[in-house]
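Colleague: Here it is, the structure in full.
The values are calculated or read from the model by the stated rules, or taken from the named source; none is laboratory data. Only a predicted model underlies this, so the values are computations on that prediction, with no experimental measurement involved. With ideal geometry, Cβ positions are generated from the backbone for all residues, glycine too; neighbour counts draw on all protein chains shown.
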Amino acid sequence: MATPKPHRDSRLAVDEMTERQATREHARLEAEIKGHDERYYQKDAPTVSDAEYDALRRRYEAIEQRFPDLRTLDSLSRKVGAAPSRGFAKVRHAVPMLSLQNAFSEEDVADFATRIRRFLNLKEDEPLAFTAEPKIDGLSMSLRYENGALVKAATRGDGFEGEDVTANIRTLKEVPDKLKGKHIPAVCEVRGEVYMTKPDFLALNRRQAEAGEPVFANPRNSAAGSLRQKDARITASRTLHFFAYAWGEMSEMPAETQSGMLKWLKAAGFQTNPLWRLARSVEDMLAFHRDTGLERAKLDYDIDGVVYKLDRLDWQERLGFVSRSPRWAIAHKFPAERATTVLRYIEIQVGRTGALTPVAKLEPVTVGGVVVQNASLHNEDYIKGIGNDGNPIRGGTDIRVGDTVTIQRAGDVIPQIVDVVLVKRPKNAKPYQFPDKCPACGSHAVREEDEAVRRCTGGLICPAQQIERLRHFVSRNAFDIEGFGEKQVEAFFADGLVMSPADIFTLEKRDRRAEKKLMEREGYGETSVRNLFAAIDARRTIQLNRLIYALGIRHIGETNARILARHYGAIEALRKAMKEAGKGKETEAYEDLNSVEGIGEIVADAFVEFFKEPRNNEVLEQLLKEIEVTPMEAVKRDTPVAGKTVVFTGSLEKMTRDEAKAMAERLGAKVAGSVSKKTDYLVAGPGAGSKLAEAKKHDVAVLSEDDWFKLVGRA
Ligand code: IVH
């Protein structure tokens, strides 16, 4: 979600806000906070400090204190657990927590070994051993033990300063409170990785989703999110694990090699990863990388590569660091992973704008360290094996339910199906039939020319689109009911009080009958309810252009709504024409619509489609029982061209095309874009072409610009 630009209201003191300003600022803050939550929880990449975040939340809550109406059911302040105060004390690391350089190829690994030999001036035949360890994809942690007792746990942070998460870390079973063994150094900083297993991650996300809380993108983020809880009880409820593999400050070294240290860590009571090996050559290292890569999918935790560390600690010491990574270790990453799995079925999701999006439901499989169960299928053509440019993709192979497919994940993007393993295609697999009905509401779903997307036409009745349409319906350029904006419509929708536009206008009637009165809603008193009903009543009379716009028909923005309102004049005429036009493109009504200046075929089709859906008409009829629709604006009716249809063509010399149109419309004429037998006048400037011929064919009066001015009495 994009964070909106700071608004001027963002500087206003809460005490000085008007209700309108407060509503705006509250909504702005909500969007901003949600964005931060998403970056914090899902991406684990916050963009503000904890203090800044807390300030936003305090302001949000202060606004709700002053204007309780804003504290709707889905207010962020009602969400338990989603409002952790994020401040943790800072901890300076006694020894910085550095990162590793990456090797991506076999040569990179060979170069790494060569560099070490060269740096240490070792002979060719001098044995050189490395530990080879899996690189755990979690978050690194530094645990400080003094006299064998855990005193502080800190996250890596920027490497120099992390966050104090001692209370949270104490809830991990795999982090001992006391170190075991006889010879424990007075100061020991044990470092390693906190992680969550893949099954625990999936179970946590299921619980999060059920509770309406944010879900995590991968186990790494869920481990980070679970650990950074202000309330350690929450951390305790999430099973986190710890592998020890390194150290920071040590008052004494209990071993002389990395492998010796791993053994000591284990003896002291930590888990160390059981897969580590000693590699005595580059070949050994590469073999470990290969073997571990094959193991990867079977492990119940994520790894994103392997790490090689020079075994001898005295040599490590001599090699030291370059910038922020040691010269004695390197991470050998795994490539962006692909995996094959079976496509179980295709789910069609309906977006808030009615777009039907196919999603592949897969047998769960681990790809790039993440358990994948869904993959994007983009659209109908993609399933058929046709790309955006119309050219074949995957060699033109279509995707069928039951197919074994290759999926690829790159970074955090949604996994893609990159190929179909045709030899594994079940004999009875059939080409996928993309639905032409919306799965959410049953309305027909149509695909516009040149558009890859199929859309549901049941805008007003489709549950997937309802809330979005209602929000639009009450927006500023539509019905614009004072005190009944997006937030209120959402809350009333959630309560089942307003499901369709007409419901807004029957609120008062129903309120009088109902047992549970609006007045009993939180934040609503007698006066505010009275004001709300008055504000709704004030909008019972609405201009046609606003009504058309409010319907939220695709491609019909304010301008097109105005053009259409002017053209049809009244809602009855409009509906009659649409009923006709719905019968086909050859009807006069369709031709008439398509020839309206400024209305192209795409817009015309979207408009006709909307009225073709019987349930849209039902909703509109219910609404029309409650409201009165007036023509767009008073146009002069007693002029020589009132009610006539005029077409302008050629280059006009005394006025621009727009001026000409506006003038004709002001005088009550309809301006069309093409000549038909319904045209009364063709006003032709120099260079008029085919329209002139058309006019002759249909016996339409042809006027010069001057003739036109004479006709309307403005010579
Ligand atoms: S050694 C001086 N060993 O990888 C470097 N790191 O990119 C000490 N990691 O921040 C790190 N598994 O979070 C080391 N077996 C392992 C590791 C490992 C995962 C992470 C660690 C570190 C990052 C470096």
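Colleague: From the list 514, 561, 534, 550, exactly one residue is free of Cβ contacts under 8 Å to residues at least 40 places away in the same chain and within 32 Å of the chain's Cα centre (by Cα). Which is it? Walk me through it before giving the result.
Modeller: Values: 514 fails: within 32 Å of the chain's Cα centre (by Cα); 534 fails: within 32 Å of the chain's Cα centre (by Cα); 550 fails: free of Cβ contacts under 8 Å to residues at least 40 places away in the same chain.
So the residue among 514, 561, 534, 550 that is free of Cβ contacts under 8 Å to residues at least 40 places away in the same chain and within 32 Å of the chain's Cα centre (by Cα) is 561.
Colleague: Additional query: Grab the helices (runs of 4 or more DSSP H) fully contained in region 580-643, keeping just those with 3 or more residues being under 36 Å from the mean Cα position of the chain (by Cα) and surrounded by 15 or more Cβ atoms within 10 Å (Cβ to Cβ).
Modeller: Values: elements: 588-594, 601-612, 614-626.
Where helices (runs of 4 or more DSSP H) fall fully within region 580-643 and carry at least 3 residues being under 36 Å from the mean Cα position of the chain (by Cα) and surrounded by 15 or more Cβ atoms within 10 Å (Cβ to Cβ), they are 601-612, 614-626.
Colleague: Out of all the residues in region 403-423, which are surrounded by 17 or more Cβ atoms within 10 Å (Cβ to Cβ) and outside any strand (DSSP E or B)?
Modeller: 403, 409, 415
Colleague: Further, regarding this structure: Based on what the data block shows, is residue 182 on the phi < 0 side of the Ramachandran plot and surrounded by 14 or more Cβ atoms within 10 Å (Cβ to Cβ)? Quick ask: steps written out before the conclusion?
Modeller: Working: on the phi < 0 side of the Ramachandran plot: yes; surrounded by 14 or more Cβ atoms within 10 Å (Cβ to Cβ): no.
The answer is no for residue 182.
Colleague: Okay, moving on. Against the definition (without any contact (Cβ under 8 Å) to a residue 12 or more places away in the chain and surrounded by 13 or more Cβ atoms within 10 Å (Cβ to Cβ)), how does residue 657 come out, yes or no? Before the answer, list the steps.
Modeller: Working: without any contact (Cβ under 8 Å) to a residue 12 or more places away in the chain: yes; surrounded by 13 or more Cβ atoms within 10 Å (Cβ to Cβ): yes.
Yes, satisfied.
Colleague: Would you say residue 136 is over 30 Å from residue 46 (Cα atoms) and of a type in the set (A, V, I, L, M, F, W, C)?
Modeller: On the way: over 30 Å from residue 46 (Cα atoms): no; of a type in the set (A, V, I, L, M, F, W, C): yes.
Against the criterion (over 30 Å from residue 46 (Cα atoms) and of a type in the set (A, V, I, L, M, F, W, C)), residue 136 does not qualify.
Colleague: Among what's in region 309-324 and is within 12 Å of the ligand (Cβ to nearest atom), at pLDDT 90 or above and farther than 20 Å from residue 277 by Cα, pick the residue that is surrounded by the most Cβ atoms within 10 Å (Cβ to Cβ).
Modeller: Checked region 309-324; the qualifying residue surrounded by the most Cβ atoms within 10 Å (Cβ to Cβ) is 319.
Colleague: Return yes or no: is residue 694 assigned to a helix (DSSP H, G or I) and either basic (Lys, Arg) or closer than 28 Å to residue 503 by Cα (or both)? Please lay out each step first, then the result.
Modeller: Values: assigned to a helix (DSSP H, G or I): yes; either basic (Lys, Arg) or closer than 28 Å to residue 503 by Cα (or both): no.
It is false that residue 694 is assigned to a helix (DSSP H, G or I) and either basic (Lys, Arg) or closer than 28 Å to residue 503 by Cα (or both).
Colleague: Scanning for something hydroxyl-bearing (Ser, Thr, Tyr), under 30 Å from residue 541 (Cβ atoms) and either in contact with a Gly (Cβ under 7 Å, 6 or more places away or on another chain) or at pLDDT 90 or above (or both), does region 628-641 turn up at least one residue?
Modeller: Applying the first criterion (hydroxyl-bearing (Ser, Thr, Tyr)) to region 628-641 yields 630, 639.
Right, trim to under 30 Å from residue 541 (Cβ atoms) and you get 630, 639.
Now drop any that are not either in contact with a Gly (Cβ under 7 Å, 6 or more places away or on another chain) or at pLDDT 90 or above (or both), which leaves 639.
Scanning region 628-641, I find at least one residue that is hydroxyl-bearing (Ser, Thr, Tyr), under 30 Å from residue 541 (Cβ atoms) and either in contact with a Gly (Cβ under 7 Å, 6 or more places away or on another chain) or at pLDDT 90 or above (or both), so the answer is yes.
Colleague: If you take the residues of region 360-374 that are under 19 Å from residue 425 (Cα atoms) and within 22 Å of the chain's Cα centre (by Cα), which of them is surrounded by the most Cβ atoms within 10 Å (Cβ to Cβ)?
Modeller: We begin by selecting, within region 360-374, every residue under 19 Å from residue 425 (Cα atoms); these are 360-365.
Applying the additional criterion that residues be within 22 Å of the chain's Cα centre (by Cα) yields 360-362.
Working: 360: 25, 361: 14, 362: 22.
Restricting to residues being under 19 Å from residue 425 (Cα atoms) and within 22 Å of the chain's Cα centre (by Cα), the top hit is 360.
Colleague: Sort out which residues of region 332-354 are crowded, with 19+ Cβ neighbours inside 10 Å and touching a Lys or Arg at 6+ places or on another chain (Cβ under 7 Å), and write them in order of number.
Modeller: 337, 354, listed by residue number.
Colleague: A follow-up question, please. Out of everything in region 248-261 that is touching a strand residue (DSSP E or B) at 6+ places or on another chain (Cβ under 9 Å) and assigned to a helix (DSSP H, G or I), what residue ends up being nearest to residue 187 (Cα to Cα)? Please lay out each step first, then the result.
Modeller: Of the residues in region 248-261, the ones touching a strand residue (DSSP E or B) at 6+ places or on another chain (Cβ under 9 Å) are 248-254, 256-259, 261.
Pick out the ones that are also assigned to a helix (DSSP H, G or I) and you get 258-259, 261.
Values: 258: 18, 259: 20, 261: 15 Å.
Residue satisfying both the conditions and the ranking: 261.
Colleague: For region 162-182, how many residues are under 37 Å from the mean Cα position of the chain (by Cα), over 14 Å from residue 87 (Cα atoms) and not aliphatic (A, V, I, L, M)?
Modeller: Selection size over region 162-182: 4.
Colleague: Say whether the condition of being under 13 Å from residue 338 (Cβ atoms) and surrounded by 13 or more Cβ atoms within 10 Å (Cβ to Cβ) is met by at least one residue in region 375-395.
Modeller: First pass over region 375-395, keeping only residues under 13 Å from residue 338 (Cβ atoms): 375.
In the following step, the residues that additionally are surrounded by 13 or more Cβ atoms within 10 Å (Cβ to Cβ) were identified as 375.
There is at least one residue in region 375-395 that is under 13 Å from residue 338 (Cβ atoms) and surrounded by 13 or more Cβ atoms within 10 Å (Cβ to Cβ).
Colleague: Can you run down the residue pairs with Cβ atoms below 6 Å, 6 or more apart or on separate chains, where the first is in region 297-321 and touching a residue at least 24 places away in the same chain (Cβ under 8 Å) and polar (S, T, N, Q) and the partner is within 13 Å of the ligand (Cβ to nearest atom) and not in a loop (DSSP other than H, G, I, E, B)?
Modeller: Every condition considered, the pairs that remain are 316/310.
Colleague: Does region 455-497 hold any residues that are over 20 Å from residue 546 (Cβ atoms), more than 21 Å from the chain's Cα centre (by Cα) and assigned to a loop (DSSP other than H, G, I, E, B), and which are they?
Modeller: Those that are over 20 Å from residue 546 (Cβ atoms), more than 21 Å from the chain's Cα centre (by Cα) and assigned to a loop (DSSP other than H, G, I, E, B): 457, 458, 461, 495, 496, 497.
Colleague: Taking only region 697-715 into account, find how many residues are acidic (Asp, Glu), surrounded by fewer than 16 Cβ atoms within 10 Å (Cβ to Cβ) and in a helix (DSSP H, G or I). Before you say what the answer is, go through the steps one by one.
Modeller: In the first step, residues of region 697-715 are kept if they are acidic (Asp, Glu); the result is 699, 705-707.
Adding the requirement that they be surrounded by fewer than 16 Cβ atoms within 10 Å (Cβ to Cβ) leaves 699, 706-707.
With the extra rule that they be in a helix (DSSP H, G or I), the set shrinks to 706-707.
Of the residues in that region, 2 qualify.
Colleague: Then there's this: Please work out if residue 90 is away from the ligand (no atom under 16 Å from the Cβ), at negative phi, out of contact with any helix residue (DSSP H, G or I) (no Cβ under 6 Å at 6 or more places or on another chain) and in contact (Cβ under 8 Å) with a residue 12 or more places away in the chain. Lay out the reasoning, then the answer.
Modeller: On the way: away from the ligand (no atom under 16 Å from the Cβ): yes; at negative phi: yes; out of contact with any helix residue (DSSP H, G or I) (no Cβ under 6 Å at 6 or more places or on another chain): yes; in contact (Cβ under 8 Å) with a residue 12 or more places away in the chain: yes.
It is true that residue 90 is away from the ligand (no atom under 16 Å from the Cβ), at negative phi, out of contact with any helix residue (DSSP H, G or I) (no Cβ under 6 Å at 6 or more places or on another chain) and in contact (Cβ under 8 Å) with a residue 12 or more places away in the chain.
Colleague: Free of Cβ contacts under 8 Å to residues at least 40 places away in the same chain and part of a loop (DSSP other than H, G, I, E, B): is that true of residue 442 in this structure?
Modeller: Details: free of Cβ contacts under 8 Å to residues at least 40 places away in the same chain: yes; part of a loop (DSSP other than H, G, I, E, B): yes.
Considered against the rule, which asks whether it is free of Cβ contacts under 8 Å to residues at least 40 places away in the same chain and part of a loop (DSSP other than H, G, I, E, B), residue 442 comes out as yes.
Colleague: For residue 664, all conditions in the list (1) of a type outside the set (D, E, K, R); (2) crowded, with 20+ Cβ neighbours inside 10 Å; (3) in a loop (DSSP other than H, G, I, E, B) hold save one; what is the number of the exception?
Modeller: Of everything listed in (1) of a type outside the set (D, E, K, R); (2) crowded, with 20+ Cβ neighbours inside 10 Å; (3) in a loop (DSSP other than H, G, I, E, B), residue 664 misses just condition (3).
Colleague: Give the residues of region 98-136 that are out of contact with any Leu (no Cβ under 9 Å at 6 or more places or on another chain), part of a loop (DSSP other than H, G, I, E, B) and more than 12 Å from the ligand (Cβ to nearest atom), sorted by residue number.
Modeller: Within region 98-136, 104, 105, 121, 123, 124, 125, 127 qualify.
Colleague: Sticking with this one: Which count do you get for residues in region 258-271 that are touching a residue at least 60 places away in the same chain (Cβ under 8 Å) and either within 15 Å of the ligand (Cβ to nearest atom) or touching an Asp or Glu at 6+ places or on another chain (Cβ under 6 Å) (or both)?
Modeller: Of the residues in that region, 6 qualify.
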